[in-house]
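The structure appears below as structure tokens.
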Amino acid sequence: MSRKDHADIAPGRLSSEQLARNFDDVAPPLDRQSALIAAQRCYYCYDAPCIQACPTGIDIPSFIRRITTDNLRGAATDILGANVLGGMCARVCPTEILCEGSCVRNTAESQPVQIGALQRYATDWVFETNTPLFERAPASGKRAAVVGAGPAGLSCAHALARAGHDVTVFDAKPKPGGLNEYGIAEYKVLEFAAREIEWLLSVGGIAWEGNRALGENLHLADLRRDYDAVFLGLGLSGVNALGIEGEALAGVRNAVDFIADLRQCDDFTQLPVGRRVVVIGGGNTAIDAAIQSKKLGAESVTMVYRRGSASMSATWAEQEFAKTQGVTVIEWAQPRRILGDGAVSAIEFEYTQLDEAGRLAGSGDYLMLAADTVLKAIGQSLLAPRANGDGSAVIETRNGRIVVNAEFETSVRGVWAGGDCVGSKVDLTVQAVEDGKRAARAIHARLGGNGKAEN
């Protein structure tokens, strides 16, 4: 630490009452009357564009029509049959660029149907009451291992269990859920992730083992020997470094670690936060870290991105929401060095621009921001499975992702993979669910199952 105790990072900046208000549900659920009114705005399009925009292919007009007749079981079955994590996706999906963005009512004169809110309305009661909607097929006698308890792994595990296979899910973390449990802003999901997973596991046939890290106390060669199929839903657990002077100073940390600490904290008054927080990055992690720093009581929060807003992976809606929460956004600036005596006190940025070839380049103009906390959110990377040193097969990777074929099988026969670790169309929860679902169908077919593994 520095000559002082770095007191600018401290807990208890706000009262417990104010923190409770700050972290209340950012999108309160619809009541019955509001849901019925919202559902009646749907045109129930034939060949609906909203279905095409949903990576999991939920029959959106069907579930909305069922809401209008108070058939919530039917609506929930439509949703969860296509997307077993449909409750979480109703909360975190960027509907503005997916289903709602494709809604035919989304015009200059009209707002889209509230598909996300209606999806939450149709499914919340299932998780609140732990109501079963699906049953397992007769036992197949086959065993599958799923490594990674995030959306891809849980989707695959549920589909395989429904098909009658016995599944064991392993994860390096003590709790299942992946980013849904550790990496998404608290104000979006509250305590929902655990409730949804409890329901998902209740289908039966799924065993859970936490604190099992692939390459450490869990090995691919053993899994291939002991199970009939292996699915890897590893996510992107590595964090990219800035590679600049001062990165090791106290007060500089990964944004994903900050978010994980917040999500696992039972008392926000005990969670330290800086007075002057600078977040580097332009994705959802950067947005979530910046907003939650402000909600914890930081006096100033600045998010800095090296390009313009159009290049940010965070959607326009997320960017606008950050600004309404008091986050200052600086575009076209990249970090050059972090200053401090043992602990960060400032960070220097260089303004950027595009050169004649369209490449990002420094402008020679610099900006200094005072800071006691710097949160890095410049992307995550794959920590690829390591070989055991026993001559066992090594999974092929390319450009930092696991290589899979059209059936999501890796270069090692009998090992499939999906989700962020394979670099699908988009790095979203809903896409990871679809990957896991499709991989489960391929695994089920390989294991000699009849028909398709359902989700």
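Those residues that are among the charged types (D, E, K, R) and either exposed (fewer than 14 other Cβ atoms within 10 Å of the Cβ) or free of Cβ contacts under 8 Å to residues at least 60 places away in the same chain (or both), I need them from region 313-326; list them, please. Give the derivation first.
Initial filter on region 313-326 (among the charged types (D, E, K, R)): 318, 320, 323.
Once the filter is applied, which keeps residues that are among the charged types (D, E, K, R) and either exposed (fewer than 14 other Cβ atoms within 10 Å of the Cβ) or free of Cβ contacts under 8 Å to residues at least 60 places away in the same chain (or both), region 313-326 yields 320, 323.
Looking only at region 298-312, which residues are touching a residue at least 40 places away in the same chain (Cβ under 8 Å) and under 26 Å from residue 363 (Cβ atoms)? Lay out the reasoning, then the answer.
Filtering region 298-312 down to residues touching a residue at least 40 places away in the same chain (Cβ under 8 Å) leaves 298, 302, 304, 306-307.
Scanning region 298-312 gives 302, 304, 306, 307.
Considering region 415-448 alone, what residues qualify as being open to solvent by 20 Å² or more (accessible area, probe 1.4 Å) and of a type outside the set (A, V, I, L, M)?
420, 423, 424, 425, 427, 429, 434, 438, 441, 446, 448 - these are the residues of region 415-448 that are open to solvent by 20 Å² or more (accessible area, probe 1.4 Å) and of a type outside the set (A, V, I, L, M).
When the residues of region 214-240 are narrowed to those that are modelled with pLDDT of 95 or more and among the small types (Gly, Ala, Ser), which ends up farthest from residue 144 (Cα to Cα)?
233
Only residues that are modelled with pLDDT of 95 or more, small (Gly, Ala, Ser) and either assigned to a loop (DSSP other than H, G, I, E, B) or surrounded by fewer than 20 Cβ atoms within 10 Å (Cβ to Cβ) (or both): list them for region 106-138, please.
Scanning region 106-138 gives a single hit, 137.
Somewhere in region 244-255, is a residue touching a helix residue (DSSP H, G or I) at 6+ places or on another chain (Cβ under 7 Å) and open to solvent by less than 30 Å² (accessible area, probe 1.4 Å)? Spell out how you get there, then give the answer.
Start the filter on region 244-255 by keeping residues that are touching a helix residue (DSSP H, G or I) at 6+ places or on another chain (Cβ under 7 Å), which leaves 255.
Adding the requirement that they be open to solvent by less than 30 Å² (accessible area, probe 1.4 Å) leaves 255.
Scanning region 244-255 turns up at least one residue that is touching a helix residue (DSSP H, G or I) at 6+ places or on another chain (Cβ under 7 Å) and open to solvent by less than 30 Å² (accessible area, probe 1.4 Å).
Listed here are the residues, each with its yes/no results for (1) surrounded by 14 or more Cβ atoms within 10 Å (Cβ to Cβ); (2) more than 23 Å from the chain's Cα centre (by Cα); (3) under 30 Å from residue 444 (Cβ atoms).
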position: 328; (1), (2), (3): yes, yes, no
position: 333; (1), (2), (3): yes, yes, no
position: 343; (1), (2), (3): yes, yes, no
position: 351; (1), (2), (3): yes, yes, no
position: 366; (1), (2), (3): no, yes, no
position: 377; (1), (2), (3): yes, no, no
position: 405; (1), (2), (3): no, yes, yes
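Quick one: what pairs do we get from region 386-402, first residue at positive phi, second modelled with pLDDT of 65 or more and not acidic (Asp, Glu), C-beta under 8 Å, 6+ apart or different chains?
Matching pairs, first to second residue: 399/423; 400/381; 400/382; 400/423.
Give the residue, chosen from 52, 40, that is under 23 Å from residue 436 (Cα atoms) and open to solvent by 40 Å² or more (accessible area, probe 1.4 Å).
Numbers: 40 fails: under 23 Å from residue 436 (Cα atoms).
Testing whether each residue is under 23 Å from residue 436 (Cα atoms) and open to solvent by 40 Å² or more (accessible area, probe 1.4 Å) leaves just 52.
Step by step: first the residues of region 420-441, then only those that are of a type in the set (A, V, I, L, M, F, W, C) and part of a loop (DSSP other than H, G, I, E, B), then the one that is modelled with the highest pLDDT. Which residue is that? Working first, answer last.
Narrowing region 420-441 to residues of a type in the set (A, V, I, L, M, F, W, C): 421-422, 426, 428, 430, 432-433, 439-440.
Those still in the list that are part of a loop (DSSP other than H, G, I, E, B) too: 426, 428.
Numbers: 426: 76, 428: 90.
Result: 428.
Just to verify a result, which residue in region 33-55, among those that are among the aliphatic types (A, V, I, L, M) and either modelled with pLDDT under 95 or assigned to a helix (DSSP H, G or I) (or both), is nearest to the chain's Cα centre (by Cα)? If you could, list the steps in order and put the result at the bottom.
Residues of region 33-55 among the aliphatic types (A, V, I, L, M): 35-39, 48, 51, 53.
Among the residues that remain, those that are also either modelled with pLDDT under 95 or assigned to a helix (DSSP H, G or I) (or both) are: 35-39, 51, 53.
Values: 35: 26, 36: 30, 37: 30, 38: 27, 39: 27, 51: 21, 53: 18 Å.
Checking each candidate, the answer is 53.
Can you tell me which of (1) crowded, with 19+ Cβ neighbours inside 10 Å; (2) modelled with pLDDT of 95 or more is the one residue 189 doesn't meet?
So the condition that residue 189 fails would be (2).
Quick one: would you say residue 12 is more than 27 Å from the chain's Cα centre (by Cα), on the phi > 0 side of the Ramachandran plot and touching a residue at least 24 places away in the same chain (Cβ under 8 Å)? Full working, then the answer.
On the way: more than 27 Å from the chain's Cα centre (by Cα): yes; on the phi > 0 side of the Ramachandran plot: yes; touching a residue at least 24 places away in the same chain (Cβ under 8 Å): yes.
Here the answer is yes, as residue 12 does meet what is asked.
Exactly one of (1) under 19 Å from residue 149 (Cβ atoms); (2) modelled with pLDDT of 95 or more is unmet by residue 373. Its number?
All conditions pass for residue 373, except number (1).
In contact with a helix residue (DSSP H, G or I) (Cβ under 9 Å, 6 or more places away or on another chain) and surrounded by 20 or more Cβ atoms within 10 Å (Cβ to Cβ): does that describe residue 229? Before the answer, list the steps.
Details: in contact with a helix residue (DSSP H, G or I) (Cβ under 9 Å, 6 or more places away or on another chain): yes; surrounded by 20 or more Cβ atoms within 10 Å (Cβ to Cβ): yes.
Taking the combined requirement at face value, the residue satisfies it.
In the set 153, 141, which member is within 27 Å of residue 171 (Cβ to Cβ) and crowded, with 24+ Cβ neighbours inside 10 Å?
Working: 141 fails: crowded, with 24+ Cβ neighbours inside 10 Å.
Among 153, 141, only 153 is within 27 Å of residue 171 (Cβ to Cβ) and crowded, with 24+ Cβ neighbours inside 10 Å.
Could you list all residues from region 349-383 that are without any contact (Cβ under 8 Å) to a residue 24 or more places away in the chain and aromatic (Phe, Trp, Tyr)?
Within region 349-383, 351 is the sole residue that qualifies.
The values are calculated or read from the model by the stated rules, or taken from the named source; none is laboratory data. Computed from a prediction, not measured in an experiment: that's the story for all the values here. Because the Cβ atoms are built from the backbone with ideal geometry, glycine has one as well, and the counts that use them run over all protein chains shown. What goes into the accessible areas is simple: the full protein's heavy atoms, side chains included, and nothing from ligands, DNA or RNA. Shrake-Rupley method; radii C 1.70, N 1.55, O 1.52, S 1.80 Å.
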